[in-house]
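What follows is a structure written as structure tokens; I'll ask about it next.
Values in this text are rule-based calculations from the coordinates and carry no lab data. Just so you know, these numbers come straight off a predicted model, no measurement behind them. So basically every Cβ, Gly included, is an ideal-geometry build from the backbone, and we count neighbours across all protein chains shown.
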Amino acid sequence: MKKLSGKVAIVTGAARGIGRATALELAGLGADVAVHDLRNAAEAAEVVRAIEALGQRAFYFQGDVADRARDEALVAETVERLGRVDILVNNAGIGTRKPFVDLDPADVERTFGVIFWGVFHCSQFAARQMIRQGQGGAIVSISSVHASRGYATAADYNAAKAAINHLTRTVALELAPHGIRVNYIEPGWIDTPGEHEAFGDETIEREGKKLLMARLGRPEEIARGVAYLVSDDSSYVTGTCLRIDGGYVLPFGRYST
Ligand SMILES: NC(=O)c1ccc[n+]([C@@H]2O[C@H](COP(=O)([O-])OP(=O)(O)OC[C@H]3O[C@@H](n4cnc5c(N)ncnc54)[C@H](O)[C@@H]3O)[C@@H](O)[C@H]2O)c1
């Protein structure tokens, strides 16, 4: 019997990057998976096929996490097609990357719509379903090292990630009596399609070598952290952070003296 046999997971933003790796990791451990994404339908279909090849059930759900009605439908359709919801991974995220003085409030609202409201809506609908089922559950949000440190040109993103960290701690308090554990992961710099689009291959190659471990993290290295937080391996862990950053936040990195 695999670690997550009989469990059903929802992973948002699962067509590529960290979400894709997480969906595949959970399926490999025996979970059925709702593969949610706003776009990248072809990639999402490929993730569904890869999960089925692992012997698990999966389906693609197209939706924007910022859209509360779609999030409600995501949970309802997961129950309809896969029978229940035991695990929610709030992974979908975006950022604007502009200097603070140039930030358009509409862009900031969009970032908060996806990162903060997306986590709020999905977690609320999933928690209600888990409470109805009466068998506990696990919620993990993919935050960022940006939540606890300021990084320039990411004011909207940093603030939204900080908001979900504190939301997580509060929700963990309220859901503990229902056996639902709620945690977040702070990845460092992870090698994903989104990062290549934002920075370009050359910058990633050059800057990656300057990191403490001389490389970016791999999506699978975050996925394994998610697997820990949603399985019984972490049965006494709630309301906290698992930072998987290759030492990114250590002072002065590898050049400290
Ligand atoms: N890659 C990193 O260095 C890094 C570091 C820290 C945190 N994170 C966080 O990890 C998560 C995944 O990042 P990634 O690098 O894999 O990104 P990515 O851009 O490679 O993939 C993100 C996926 O989410 C989907 N998505 C975007 N907005 C959505 C929405 N509104 N509704 C549904 N799906 C949506 C995209 O279509 C895409 O398929 C994000 O929350 C990001 O903030 C990433």
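Which residue fluctuates the most in the chain, going by a Gaussian network model with Cα springs under 10 Å, if the choices are Ser141, Ser235, Ser123?
Answer for the Gaussian network model of the chain: Ser235.
Could you pull out which residues in the stretch 56-75 have an amide N less than 20 Å from a spot 7 Å beyond the Cα of Ile131, following the Cα-Cβ vector?
Residues passing the 20 Å test: 68-75.
Any number yet on Rg/Rh for the stretch 154-208, C-alpha, Kirkwood?
The Rg/Rh ratio comes out at 1.18.
To continue, here is another question. Along the positive direction of the dipole of the stretch 1-147 (beta-carbon charges: Lys, Arg +1; Asp, Glu -1; about the Cα centre), which of Thr111, Gly83, Ser123 reaches farthest?
Working it through, the farthest residue towards the positive pole turns out to be Gly83.
May I pose another question? Among Thr96, Val249, Ala66, whose Cα projects farthest towards the positive end of the dipole of the chain, with charges put on the beta-carbon of Lys, Arg (+1) and Asp, Glu (-1)?
Val249
List the chymotrypsin sites (Phe, Trp or Tyr not before Pro) within the stretch 180-244 that fall in a DSSP loop (any state other than H, G, I, E or B) and whose Cβ has at most 12 other Cβ atoms within 10 Å. Before the final figure, lay out each step's value.
Details: sites: Tyr184, Trp189, Phe199, Tyr228, Tyr236; in loops: Trp189, Tyr236.
Counting only loop positions with at most 12 other Cβ atoms within 10 Å, the chymotrypsin sites (Phe, Trp or Tyr not before Pro) in the stretch 180-244 are Tyr236.
222 nm [θ] for the chain, helices only, -39500 (n - 2.57) per DSSP H run of 4+, per residue, to 500?
-13500 deg cm²/dmol
To check my understanding: the extent here is largest minus smallest coordinate of the Cα atoms along each principal axis. What are those three numbers for the chain, in Å, largest first?
Principal extents (largest minus smallest coordinate, Cα): 51, 38, 36 Å.
A follow-up question, please. Would you work out the charge dipole size for the chain about its Cα centre, treating the Cβ of every Lys and Arg as +1 and the Cβ of every Asp and Glu as -1, and quote it to the nearest 20 debye?
Details: 29 positive and 32 negative charges, 133 e Å.
Charge dipole of the chain: 640 debye, to the nearest 20.
Next up: If I take the Cα coordinates of the stretch 151-257 and project them onto the principal axes, what are the three extents in Å, biggest first?
For the stretch 151-257, the Cα spread along each principal axis is 48, 33, 30 Å.
Might you report the magnitude of the Cβ-based charge dipole of the stretch 88-208 about its Cα centre, with Lys and Arg at +1 and Asp and Glu at -1, to the nearest 20 debye?
Here the stretch 88-208 has a charge dipole of around 800 debye.
Compute a Gaussian network model of the chain, connecting alpha carbons closer than 10 Å, and tell me which residue from Ile115, Ile142, Ile131 fluctuates the most.
Taking springs between Cα atoms under 10 Å, the residue moving most is Ile131.
Expressed as a whole number of Å, what is the distance separating the alpha-carbon centroids of the stretch 59-88 and the stretch 110-135?
Distance between centres, Cα-based: 10 Å.
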